[in-house]
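Taken together, the values in this text are just the output of simple stated rules run on the coordinates, not laboratory data. Quick caveat, the model's predicted, so the values are computed rather than measured. Don't worry about glycine lacking a Cβ; one is built from the backbone with ideal geometry, like all the others, and counts go over all protein chains shown.
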Amino acid sequence: MSRNEIVSEHESVNRMYQLVSELGITNIADRYRTQEKGRCPYCMKGLSCQLCSMGPCRIGNGKEYGACGIDAAGMVVRNFVHLNMLGTEAYTYHAIEAAKTLKATGEGKSPFEIKEPEKLRWFADQLGIEGDSTEALAVKVAEFIISDLSSHEPSKLVLTFAPKKRKELWQKLGLIPDGVFQELLNPEKWGS
Ligand code: SF4
């Protein structure tokens, strides 16, 4: 990949890609490209499964079902949902723990300190959050994040930080998400 190549719809990701490339640091875009050369065609289509000890199973070339009886469509959807929800869940818990730590830091209840308040202020500005002191702002930002992750309304974090092109597409498809905990845990959302 050339250093000026666009690797994301998000401009900040492209800037970071350029920077780490110039510094010769390994990065996700280049690693992804390298991995593409040797990928298994079954895995690429979602037709490979290792969820239980009866596997691994692959569907295709005369094998219509996994050992458990799942067919191709079921395996593809299960892989897609399982793998993507797993990642989303894991990072959501990271996010909420980071927000709780930020709140505790603002309240003076953690061993940490806010070393770059200008970054916090930039983040708060994007969300329209104001606060007199750095500590007060940290608490407000943390509370906002915790609330937004559980919101029944379209996520303000997504609406603020997702790339414009993506938001337009999601809007068109009716896919703007509510708070991520609603998307993950509220069964009413799954059929919509
Ligand atoms: S396809 Fe079914 S039997 Fe095969 S590994 Fe996956 S869950 Fe197990």
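Looking at the range 109-192, which chymotrypsin sites (Phe, Trp or Tyr not before Pro) are DSSP coil and have at most 15 other C-beta atoms within 10 Å of their C-beta? Provide the component values of the computation, followed by the final result.
Working: sites: F112, W122, F123, F144, F161, W170, F181, W190; in loops: F112.
In loop regions of the range 109-192 (DSSP not H, G, I, E or B), the sparsely surrounded chymotrypsin sites (Phe, Trp or Tyr not before Pro) are F112.
Quick check on the chain: helices-only [θ] at 222 nm, where DSSP H runs of length 4 and up contribute -39,500 (n - 2.57) each and the sum goes over total residues. Nearest 500, please. Can you show the working numbers first?
Values: 10 runs with 113 residues, N = 192.
Helices in the chain give a 222 nm mean residue ellipticity of -18000 deg cm²/dmol.
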Quick one: compute the contact order of the chain, relative version, from alpha carbon pairs under 8 angstrom and 6+ residues apart, as a percent.
13
Radius of gyration and Dmax over the Cα atoms of the chain, both given in Å:
21.0, 67
If a paramagnetic tag sat 7 Å from the Cα of K45 along the Cα-Cβ line, which residues of the range 72-101 would have the backbone N under 19 Å from that point?
72-81
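Please report V81, V7 as a ranked list, fewest other C-beta atoms within 10 angstrom at the top and most at the bottom. Mind showing how you got there, number by number?
Values: V81 11, V7 18.
Fewest-to-most Cβ neighbours within 10 Å comes out as V81, V7.
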A correct fewest-to-most ranking of C49, C68, C57 by other Cβ atoms within 10 Å would be C68, C57, C49
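Which of the pairs K103/K164; K119/K164; K100/K172 have their Cα atoms more than 24 Å apart in this structure? Mind showing how you got there, number by number?
Details: K103/K164 29 Å; K119/K164 22 Å; K100/K172 34 Å.
The pairs that break the limit, which is 24 Å between Cα atoms, are K103/K164; K100/K172.
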